[in-house]
Amino acid sequence: MSEAIEFLPPRPAVLSRRSAIIADLADLLPAECVIHEARELVPFETDAFISYRRLPLAVVLPKTTAQAAAVMKYCHRYGIPVVPRGAGTSLSGGAIPQEDAIVLGLSKMSRILEVDYANRTATVQAGVTNLSISEAVGVDGFFYAPDPSSQLACTIGGNIGMNSGGAHCLKYGVTTNNLLGVKMVLVDGTVVDFGGKHLDSAGYDLLGLVCGSEGQLGIVTEATVRLIAKPEGARPVLFGFETSEEAGACVTDIIASGIIPVAIEFMDKPAIEICEAFAHAGYPLDVGALLIVEVEGSEAEMDATLAGIVEIARRHGVKTVRESQSATEAALIWKGRKSAFGATGRIADYICMDGTVPLGKLSYVLKKTSEITDSFGLRVANVFHAGDGNMHPLILFNANDPEDAARAEAAGNEILKLCVDAGGCLTGEHGVGIEKRDLMRHQYSDADLAQQMAVRSAFDEGWILNPSKVFPLDGRPAA
Amino acid sequence: MTLIPHTETDAAYVIRNAAAQGTRLALCGGNSRSGFGNPVEGTEAMSSRGLSGIVDYEPAEMVLTAKAGTPVAEIEAALGANRQMMAFEPMDHRGIMGTSGEPTIGGVFAANVSGPRRFVAGAARDSLLGIRFVNGQGQVIRAGGRVMKNVTGLDLVKLLAGSHGTLGFLTEVTFRVLPVPQSIETIVISGLDDATATRAMASALALPVEVSGAAHLPQTVKGRFAGGALPEGAATALRLEGLAASVSVRAEKLAAVMTAFGPVSRFDMDESLALWREIRDVHPYADGTQKPLWRVSVAPSLGHQLVAALRLEAGVDAFYDWQGGLIWMRMEADPEAELLRRYIKALGGGHATLVRASEQVRAVTTAFEPQSDAVAALSARVKQKLDPAGIFSPGKMAGAL
Ligand SMILES: Cc1cc2nc3c(=O)[nH]c(=O)nc-3n(C[C@H](O)[C@H](O)[C@H](O)COP(=O)(O)OP(=O)(O)OC[C@H]3O[C@@H](n4cnc5c(N)ncnc54)[C@H](O)[C@@H]3O)c2cc1C
Ligand SMILES: Cc1cc2nc3c(=O)[nH]c(=O)nc-3n(C[C@H](O)[C@H](O)[C@H](O)COP(=O)(O)OP(=O)(O)OC[C@H]3O[C@@H](n4cnc5c(N)ncnc54)[C@H](O)[C@@H]3O)c2cc1C
């Protein structure tokens, strides 16, 4: 496997104290909360960015905020790196540990603490899975809006770490727009609350800063999120086009018309074939690109919205329009889309890009993307959140062939630079992690990065929290 | 004298010099400010007024970039011509403040202003996609971008939103806009007391009808809205927006449920536009006085308890902008800061900001809600990283900020 991305060298002072550290952690936490046997550490050596692996020094799984705070206080005192971890589904290597690091996992903190319908909030522990919130409140007619495809597994803490999005974020916003408060353990073990059931902050928007900070500012142990009343109905509709360009132009025009569906998802031909073979969702196979457009509301509202969208699609030469006729069919359509990554993983190894581009540039970037992968002799499948310009080219390769893997990584980097140059950004929802860390200078000036790093230092002067991530390893402030 | 740089480079130069000389700068936009935040001694005003104009507006992409000093009116005109709007409904505070300056778009984001659509559409911070600003060392910094989804690095955009000119001098803002709703209707339920209104609003917001505004206007303020045309008794208002066909269907449904609480009347698009603008702009307290005015945010279901508790001990008048997450409170005489903040704590937390008061009262009242020691210390460290010399209105936002 290629190892182009570096990690910080392990701190010798930490490595040499390994057994003492494990003994100390065992004093701080119940026995079942500390893991240090090499064999048991293996499940924590990587996340969903599996090209890179590092065994951590130990793993701790606190059951309470106080225990998490005790661990942080200890690690802070001895300068031991800490890598927060939810479910480890990060696609950018955000949760990959390093040899001198303690993984602080939230899996034992997975309770829903309070559901408050009068204020439309849920307060949960950070290790709760994304889907379980919606499941808990669904019977009462509510849901939690951000819905990453990984929602069955990923945790709300990880969602906050990555400011995760999902198909339905076009209308409801991403994690940061649905997060009202957090309880967080600071690097020195101090516990603070940002936000709550009220709105906005009296002082600086530290809640906004924490969301998307990739575990670098503290350990989130609880979160208060916004619940939304479920719409009366929802209807996904499939629109098949001859070419990706037509589909891309149609997305741009739908948004421009002032119609905002709940979701506009895009699949190109390779993605359609992969997903259909896996999920049998009834996707048309005779088209070059597919849009899944979901509208919601009352029957009257859905009809009116759809009529507008169909008219725009016709202007772009839509070949097939297929409305889901039942709840089962609708569920199948979404199942196909949400299993896209898993289904792709069954036919090849892949890396998933996550750049966002301005809507007007969709068609151009799609065309350029296939030119880039062609030039590297690689295949690509595109399946993404088109309504907000968040592209996910899946670059297929063979992980057993180091040269192929290196080519995939290089092609990925070219695609991300393309997104930035088109006026977009490196990552819309998967985070920088280690994957995009060394591309940060392509998007930001040295002064921009220095300012971000300075703010990071205000939270963690010694840079022990998830230290190998997000910021290029050279040019960091001296500790 | 006010410093008015006409380029970003000039602004950076002025700030670099100020930092070198330890000159404190009070950053402002159109300088419609008439005192917000704690008073800060010995500052020189620096305005973004010279940095004006829309830089880029792609209606098809629903994104607008403007220099920070661009008048809000100019932005609204450009958006209006394309049937688009700022979804967060920035209030016009000139009424309550009795000032007459020209509000700027930079000021809107620096104050994270938002209105009755807050819970559904977010505050200004949720629409803000990217910024350029000059930090306290005179460096030009770019953060965010012009796309809706972006987790590339730390979100300095949100940090600067609502920092009230204490972290950096905004020079350019890029934000998301939304289409103007085709149709608007308001359902008003009459005669509810504060507690019943709270229950009514909670049940309305639990229905799948997408209420985009909810406000309770008690008897004492009701007459000041809609030119006195609201029906007899306190008014609880619920707003519906969207496609015309859909709004009327939802309005039927909502009205049917709400009649269980009290008599229901319906208001059309034009009436709704006027009413919600008055709610947004806190019209009843645009009263030409200097009576202390608070902007309070607590868990919405507890707002009426807070007001009821205060009433027993102080002269207070209030109304509720529920979907904005706000209670507007006007004190008869004393600002009662301590009492108010003690009750907010007892009810589980939130914040109260003194928006208006006489010079004498402002001099002795902390304008922003004091933070816990740990959060205050952290915030001070954050400020130090953006403004190491402490030149941007130190102390304006409480404590060291
Ligand atoms: C098949 C698949 C589909 C996916 N689809 C989507 C999608 O549609 N949209 C999307 O946005 N993402 C998607 N992802 C990416 C991933 O699921 C998200 O980033 C998710 O939010 C990660 O959650 P997690 O619990 O697995 O966190 P982890 O991967 O464990 O951690 C993610 C980051 O957050 C930090 N972190 C975790 N918990 C905490 C905490 N409690 N406090 C502080 N920091 C913490 C970690 O240090 C790390 O930097 C997908 C991933 C996979 C494998
Ligand atoms: C409840 C409420 C009360 C308000 N009361 C006041 C008030 O009393 N006075 C007031 O000034 N604003 C107030 N605001 C904010 C005001 O409504 C908007 O900011 C408005 O647009 C003012 O625009 P302006 O150009 O006149 O900004 P100004 O009034 O000049 O400044 C408003 C705020 O933004 C900061 N600011 C302005 N421009 C910049 C910039 N380029 N870079 C960094 N910071 C900047 C200022 O330091 C100040 O804190 C209030 C907002 C709310 C929600």
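The values are calculated or read from the model by the stated rules, or taken from the named source; none is laboratory data. Remember, it's a predicted structure, so these values are computed and weren't measured experimentally. Backbone-built Cβ (ideal geometry, glycine too); neighbour counts: all protein chains shown. We work out accessible area using only protein heavy atoms, side chains counted, and drop any ligands, DNA or RNA first. Shrake-Rupley method; radii C 1.70, N 1.55, O 1.52, S 1.80 Å.
Using only DSSP helix segments of four residues or longer, with each worth -39500 (n - 2.57), what per-residue ellipticity at 222 nm results for chain B after dividing by its residue count and rounding to 500?
Value at 222 nm, helices only, nearest 500: -9000 deg cm²/dmol.
Measuring from the lowest to the highest alpha carbon on each principal axis, how far does segment B:183-280 reach, largest first, in angstroms?
That works out to 35, 26, 20 Å along the principal axes.
Give me, ordered by chain and number, the residues 5 or more places off residue B:322 or on other chains with an amide H under 5 Å from its own placed amide H.
B:214, B:215, B:216
Specify the angular offset, from 0 to 90 degrees and rounded to the nearest 10, of the alpha carbon long axis of helix A:269-279 from the longest principal axis of the alpha carbons in chain A.
On a 0 to 90 degree scale, this one is about 70.
Semi-axes of the equivalent ellipsoid of segment A:233-340: what are they in whole Å, largest first, if each equals the square root of 5 times a C-alpha gyration tensor eigenvalue?
Semi-axes (√(5λ), whole Å): 20, 18, 10.
Straight-line reach from residue B:383: which lysines have Cα under 20 Å away, leaving out those fewer than 8 places along the same chain?
Output for residue B:383: B:158, B:396.
Based on the alpha carbons, how large is the Rg to Rh ratio for segment A:1-160 when Rh follows Kirkwood?
1.02
Given C-alpha coordinates of segment B:2-179, what is the ratio Rg to Rh with the Kirkwood estimate of Rh?
0.95
Work out the length of the dipole vector of chain A about its Cα centre, built from +1 on the beta-carbon of each Lys and Arg and -1 on the beta-carbon of each Asp and Glu, and round it to the nearest 20 debye.
Charge dipole of chain A: 720 debye, to the nearest 20.
Cα-Cα pairs above 21 Å in segment A:118-181: how many percent?
Summing the P(r) of segment A:118-181 above 21 Å gives 11 percent of all pairs.
What per residue convex hull volume, in Å³, comes out for chain B when only alpha-carbon positions are used?
Dividing the Cα hull volume of chain B by its residues yields 137 Å³.
Placing +1 on the Cβ of each Lys and Arg and -1 on the Cβ of each Asp and Glu in the protein assembly as shown, which of B:55, B:309, B:285 has its Cα farthest towards the positive end of the resulting dipole?
My answer, from the dipole projection, is B:309.
Say R0 is 25 Å: what FRET efficiency, to the nearest 0.05, do residue A:310 and residue B:81 get from their beta-carbon distance?
0.35
For the protein assembly as shown, what number results from the quotient of the Cα radius of gyration and 2.2 N^0.38 Å?
Computed over Cα atoms of the protein assembly as shown, the ratio equals 0.92.
So who's got an amide H within less than 5 Å of the one on residue B:63, skipping anything under 5 residues away but keeping other chains? H placed 1.01 Å off N, in plane.
So residue B:63 has HN proximity to B:58, B:177.
Would you mind telling me which residue in B:288, B:303, B:191 has the biggest mean-square fluctuation in a Gaussian network model of chain B, where springs connect alpha carbons within a distance under 10 angstrom?
Among B:288, B:303, B:191, the largest GNM mean-square fluctuation belongs to B:288.
Rolling a 1.4 Å sphere over the protein heavy atoms, what is the accessible area per residue of segment A:73-171, to the nearest Å²?
29
Pick from B:89, B:102, B:232 the residue whose mean-square fluctuation is largest in a GNM of chain B, springs joining Cα atoms under 10 Å.
B:232
From the cross-link list A:73/B:345; A:197/B:67; A:338/B:253; A:197/B:345; A:335/A:469; A:436/B:149, which pairs have alpha carbons spaced over 24 Å apart?
A:73/B:345; A:197/B:67; A:338/B:253; A:335/A:469, as the Cα separations exceed 24 Å there.
How big is the dipole moment of segment A:348-437 about its Cα centre under a simple scheme where the beta carbon of each Lys and Arg is +1, that of each Asp and Glu is -1, and everything else is neutral? Debye, nearest 20, please.
Dipole size: approximately 300 debye.
Taking segment B:108-262 as the region of interest, what is the percent of Cα-Cα pairs per 10 angstrom bin, listed from the shortest bin to the one with the maximum distance?
10, 29, 24, 20, 14, 2, 0
So for chain A, Kirkwood radius off the Cα pairs, Stokes-Einstein at 10 °C and 1.306 mPa s: how many µm² s⁻¹?
Value of D from the Cα-based Kirkwood radius: 69 µm²/s.
Please report how far the C-alpha centroid of segment A:269-289 lies from that of segment B:299-316, rounded to the nearest whole angstrom.
58
With charges only on Cβ, +1 for K and R and -1 for D and E, what is the dipole size of segment B:1-128 about its Cα centre, in debye, rounded to 20?
300
Using only Cα atoms, what Kirkwood radius does segment B:336-401 have, in angstroms?
13.1
If one puts a single equal scatterer on every Cα of segment A:174-259 and applies the Debye formula without solvent, what log₁₀ I(q)/I(0) results at q = 0.12, 0.21, 0.22 Å⁻¹?
The Debye formula, applied to the Cα set alone, gives -0.61, -0.95, -1.01.
Given a cut-off of 15 Å, what percent of all Cα-Cα pairs of segment A:348-437 lie beyond it?
52
Let me know the volume per residue of the alpha-carbon convex hull for segment A:112-229, in Å³.
Given the Cα convex hull of segment A:112-229, per-residue volume reads 96 Å³.
I'd like the orientation of helix A:362-375 relative to chain A: the angle between its Cα long axis and the longest Cα principal axis, in ° from 0 to 90, rounded to 10.
Its long axis makes an angle of about 70 degrees.
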